[in-house]
Every structure is written in structure tokens, then in C-alpha cells.
């Protein structure tokens, strides 16, 4: 087991190295002088020269990469010239809404989607199955922000039950925090629910044809026990895999959802940074999200063994 | 974004089925899902081609006198020669007085072009890289490491990063949406190649001295067609969504081009009072993407016997 984790950890090094090279090259691929791009439109030539010196832009590109990756590994992501603070500070400030949104969405999606998928598979071909599958296809076809605006229109504007936009920090007022997380979480969860429900249905359906399910039924076990203990548990690996892959959707969706609901999180920061061409911030956010994505999928690989003892590493 | 679907595509069985029975294509085209999706898409295509004849006006025409009109309002338009014409803005007008109906109708062109262009480009690029990767052993490990790295960056984020490098333009946006899709096509093609190259007829072809290029184009390439068509439909659907998302965030194609994403982006600020600016393009967008997705599902179920047994 330990051996496996170590091997998997080593395997993500080349992946993250490619990401790092891409993120590093981003600034070099933009037309124009990287120092001038970073400094922004109103920079003086002294400032540009200063940046050039700081980033080692006068050195050969290999040395530049070494300097940059060295800094990144020490947690020094540079300075945002737009927000006038270090990128590390900026991210620390903005991480809470994104984390809260992601966790709420993940819980909501799994709690809704897995039972739906199991029910759809169990009642295969029924009206319920068709409705769930129809919803799944629809969920993939509507942009996240449209779902967000529809929810805002119905629940915030017409019914007035929930606030339209904004964020309250969890430590400041928990009630308000919950109130303001409801609509964004539902919005972001829709596509994730569609994804998980679909795969849950497909993999439970496959398992339901197995001999051991027939045996379990023949023993006279109740439907609940057969579905939960025999079917779902054996179908867990593809479901977990897709939850891991879906994190990419979650991150992309968070960028949009935060913009719709005015949440001051990392997604909003990404868009603000792109609009102001604040490269140190864009680079760091992409690096951070990619590392999170890769690590979550690593953890899921490890978690397989917990769900399926047949998997031995 | 189409990560969900390609995992389910069993490329080898599609490949085998497609080469064995050409008639499968006819079966595929007759499934209800494919017909349903196909008809909606044909209607959208007709709308895109016939846009100037569908009672539209210039979608970029700004009319300060007719700003923010609700759907169904009658508007008096002043023509260049000074005469006036009355017309009903069935989808209303936006905050610059542009006709939302005309913009949505013309937006069909932009979205379809993006869907098709992204699907073709990513399939073409992915096919070439995938063939190389599956066929040339030493290149394989390098290519696949790069693809793994690209896939580690969440799709929309990668597109956002690429747009930020070159600033927004139609071609830039298409390219930015293509790049995250390429690794998935490469993986698919590579897996087909790796399966097919073990087949006796390929070994036979090699043993009689068939040149590599002939081998690739005559024996290996045809096997990739069916899975790539299925994959291509899902890429087209997600590309249309991606364009809408990028434009909505203000980093997509230039705002003067009437795309569905841009119309909705424009409608954001006054959404509480005038939701129609978001509603109508959203309906068109959802319908189009839904049609493509349903068609893709139908094609996959028919072209992939293993999957269709399940459903």
C-alpha cells in the first residue's frame, strides 16, 4: 500500500512538471516584453527594468525557469501588480468562498446523484429512469450561468426567499453564510449531479446483472440491502473515478458561478486577473487548481482499496 | 468537458463493428435519438443559413430610441432614407437598442461555426498526434506525458489561460477551446491503434511488407472513424458551451460579434429587470447543445454494441 502511494506520488511529478512548464511559458508566449506585460499599461520604464531584474529576464530561458520554479517551490508566487500585494496573500484572502462552494457542491451532488442513479438503475426503463436520464442530458446542455440566473430569478427575485448575490464569511455570520451558499451550490451541483447520476446508473446496472446479485436476491435479502451493500459497493469504483474527473468541471464551473453570484473567490480572481492581464496571479491560480485536481485524483486512486478489497496494489 | 463520455466509448468494439458491418451506419441514422437530435440541428442549420431572410434586421444596429424594450414591443425604426418602419421586437431589445431576435438568429451562425470548427480541429490534430503516439514507440512516452500534463489543467481554466495569452478573437477562442480537447482525442486514437495493431490482418499486412503510410491509412485509420465521430459530436456540444462561458465571462469572442454568449454577457447587468436578454439566447443554446448530446448518445449506443446492450 505504502509502496503504491509512493509510486503514484512519483508518477504525478512528470504531470505537474508539464503543467509547470506550460504555466511558465504562458508569459513568454504572449506577444511583447514579459516585463512590460507584467508591469501593466501604466508602468514607468524604471519599474519595467526592476521587474526584468527581479524575474531574471536577462538570463537564458533555462535559468529563468530554474529561478521561477525555485521561487514557486518556496511558496513565492510573485507579486500581483494589479492588486498590489503578493499573490500568496491574495490567494489566502480569496480561498474561503471557493473552498466553501466546492465542498457544499460536492456534498449536495453526491447526496442527490448517487441515490438517483441507483434508483434509475433499479427501476431500469421506468418513468423514473427516463426522468433521471433526461435530467442528466439536460444538465450537460445548459450553461452553468443560465442555471444560476434562472435560480436567482425564481428564488431571489420573484419569491424573495434568498439573497441575489454576495458572500458572508463563515466566521462572521453563519446563518447568512448558509443563506448565501444555497443558490450557488445548487447551480454548480446541477452538472455534477448529471454526471454522477449517469455513471452511477450505468455502473449499478452492470453490477445488477452479476451472479452474486442473483444469489443475494435468492437468499431473500431485502431490496435495500441488495442495492446498497451488494450493488452500490461493487459499483463504487467507476463512481469514485467520475467524481474525481468531475472535479475539473467543478473548478471550471466555480469560475462561472462565482461571477454570477458575486462570490469573492479564486474563480472570480481568475477572471479579474485575466481581464487585467495580471500574469503572476493567472499563473499561480492555474498551478494551484491543477495541483488540487491531480492530488484529489491521487487520493481517489488510493481510496479504491477501501471500497473494493479486490483491488490490491 | 466531455470527459464523462469518452470513458464510456469502447473504441475497439466500435471499430470492429464499424468495419464489419457498413449497414450499421444506416441503423445508427435511424435511431430515434439520432433522428430527434438531427432534426433540431437541421432546423438550427437552416436558421443559420437563412438568417437574413427570417425577418431580422442588422444585429449590430444600435438604436438609442429603442433601448431595453420588453419582448413584443412595437418599435419605430428610422431607415437611412428618412422613412420610418414599424416592427415588433418579439424578443425585445438590449441596452443599446439592438434587436435581440436578430442577434439570437445571427448568433446561431457563430455557435454552429464554433461547434463544427472545434470538433474538426481537435479531431484532426488529435488524430495525427494519436496515430504517431500509437505507432511510434519512442514518441509515445513523450507525447503521452505532455497530454497527461495538459489534462491535469481543468478544461475551462486552460482555455481561459490560452485566451489570456493572445487576447480575444474568434480564431483565438476556437484554438483555446480546441487545446483542452486534443488530449482526449489523442488517447482515444492511440487506444484504437494499440488494439488494432495486434490484429492478425495488420500483422499480415506488415509481414507482406506494406509501407508504414499505407498501413496507417488503409488499415488503421478507418478503425478510428466511428469512435471519432461519436467523440466529435460531444466535443462540438461542449465547445458551444465553452464559447458561451468564455464570452459570458467577458474573455470570449469580441463583444461586437453577436454570439449567444455575448448576448447573454450583455444582458447580465440589467438581468433583474430585463431577463429576456439572457432567456432567449439560453433557450437556443440549450436546445442546440441538447440536440447534439442526444444525437451523440444515439450514435454511441448504436455504434458501440457493448454499451447498447446495457441501455
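The values are calculated or read from the model by the stated rules, or taken from the named source; none is laboratory data. Because the structure is a prediction, the values reported are computed rather than measured. All Cβ positions, even for glycine, are placed from backbone atoms using ideal geometry, and neighbour counts span all protein chains on display.
Could you tell me whether region A:195-202 includes any residue that is part of a helix (DSSP H, G or I) and surrounded by fewer than 20 Cβ atoms within 10 Å (Cβ to Cβ)?
As a first pass, look at region A:195-202 and keep what is part of a helix (DSSP H, G or I): A:195-202.
With surrounded by fewer than 20 Cβ atoms within 10 Å (Cβ to Cβ) added as a condition, the list becomes none.
The answer is no; no qualifying residue exists.
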Residues within region A:272-293 that are modelled with pLDDT of 85 or more and surrounded by fewer than 22 Cβ atoms within 10 Å (Cβ to Cβ), tallied | 5
Quick one: would you say residue A:25 is assigned to a helix (DSSP H, G or I) and closer than 17 Å to residue A:286 by Cα?
-> yes
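Report, by residue number, each residue of region B:131-149 that is buried (at least 22 other Cβ atoms within 10 Å of the Cβ) and either modelled with pLDDT under 90 or more than 14 Å from chain A (Cβ to nearest Cβ) (or both).
Taking region B:131-149 first, the residues buried (at least 22 other Cβ atoms within 10 Å of the Cβ) are B:133-134, B:147.
Matches in region B:131-149: B:133, B:134.
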Extreme residue, surrounded by the most Cβ atoms within 10 Å (Cβ to Cβ), among residues of region A:104-134 that are closer than 18 Å to residue A:242 by Cβ and either touching a strand residue (DSSP E or B) at 6+ places or on another chain (Cβ under 9 Å) or without any contact (Cβ under 8 Å) to a residue 40 or more places away in the chain (or both) = A:119
Got at least one residue in region A:25-40 being within 14 Å of chain B (Cβ to nearest Cβ) and under 23 Å from the mean Cα position of the chain (by Cα)?
-> yes
From the option list A:263, A:227, A:221, single residue qualifying as over 18 Å from residue A:293 (Cα atoms), assigned to a helix (DSSP H, G or I) and more than 8 Å from chain B (Cβ to nearest Cβ) is A:227
In region A:148-175, how many are touching a residue at least 24 places away in the same chain (Cβ under 8 Å), over 21 Å from residue A:190 (Cβ atoms) and outside any loop (DSSP other than H, G, I, E, B)?
-> 0
Residue match in region A:223-242 (condition: free of Cβ contacts under 8 Å to residues at least 24 places away in the same chain and farther than 18 Å from residue A:120 by Cβ) = yes
Any residue in region A:69-77 that is in contact with a strand residue (DSSP E or B) (Cβ under 9 Å, 6 or more places away or on another chain) and away from every other protein chain (no Cβ under 14 Å)?
-> yes
The residue from A:251, A:243, A:157 that alone is facing chain B (nearest Cβ under 10 Å) and crowded, with 22+ Cβ neighbours inside 10 Å is A:251
Mind listing just one residue for me: the one in region A:203-216 that is over 18 Å from residue A:239 (Cα atoms) and surrounded by 15 or more Cβ atoms within 10 Å (Cβ to Cβ) and, of those, farthest from the other protein chains (Cβ to nearest Cβ)?
-> A:216
Only unsatisfied item for residue B:153, checking (1) under 28 Å from residue B:290 (Cβ atoms); (2) away from chain A (no Cβ under 14 Å); (3) not in a helix (DSSP H, G or I), is (2)
Pick from B:167, B:67: which is within 14 Å of chain A (Cβ to nearest Cβ), surrounded by fewer than 18 Cβ atoms within 10 Å (Cβ to Cβ), farther than 30 Å from residue B:42 by Cα and modelled with pLDDT under 80?
-> B:167
State the number of residues belonging to region B:237-272 that are more than 18 Å from the chain's Cα centre (by Cα), facing chain A (nearest Cβ under 8 Å) and assigned to a helix (DSSP H, G or I).
-> 1
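Looking at A:135, A:145, which one is part of a helix (DSSP H, G or I), within 14 Å of chain B (Cβ to nearest Cβ) and either more than 20 Å from residue B:293 (Cα to Cα) or under 18 Å from the mean Cα position of the chain (by Cα) (or both)?
Working: A:135 fails: either more than 20 Å from residue B:293 (Cα to Cα) or under 18 Å from the mean Cα position of the chain (by Cα) (or both).
Just one listed residue meets the conditions, A:145.
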Taking region A:78-103 and keeping only residues that are within 30 Å of residue A:185 (Cβ to Cβ) and touching a strand residue (DSSP E or B) at 6+ places or on another chain (Cβ under 8 Å), one is left with A:80, A:85, A:87, A:90
Checking residue B:128 against (1) under 21 Å from residue A:292 (Cα atoms); (2) more than 10 Å from every other protein chain (Cβ to nearest Cβ), which test does it fail?
-> (1)
Among (1) assigned to a helix (DSSP H, G or I); (2) closer than 23 Å to residue B:262 by Cβ, where does residue B:95 come up short?
-> (1)
Qualifying positions in region A:5-20 - surrounded by 15 or more Cβ atoms within 10 Å (Cβ to Cβ) and modelled with pLDDT under 85 = A:8
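Residue-wise test of (1) in contact with a helix residue (DSSP H, G or I) (Cβ under 6 Å, 6 or more places away or on another chain); (2) at pLDDT 85 or above.
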{"residue": "A:22", "(1), (2)": "no, yes"}
{"residue": "A:32", "(1), (2)": "no, no"}
{"residue": "A:50", "(1), (2)": "no, no"}
{"residue": "A:68", "(1), (2)": "yes, no"}
{"residue": "A:72", "(1), (2)": "no, no"}
{"residue": "A:111", "(1), (2)": "no, yes"}
{"residue": "A:115", "(1), (2)": "no, yes"}
{"residue": "A:129", "(1), (2)": "yes, yes"}
{"residue": "A:132", "(1), (2)": "yes, yes"}
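Go through B:234, B:217 for me and flag whichever is part of a helix (DSSP H, G or I) and more than 13 Å from chain A (Cβ to nearest Cβ).
On the way: B:234 fails: more than 13 Å from chain A (Cβ to nearest Cβ).
Among B:234, B:217, only B:217 is part of a helix (DSSP H, G or I) and more than 13 Å from chain A (Cβ to nearest Cβ).
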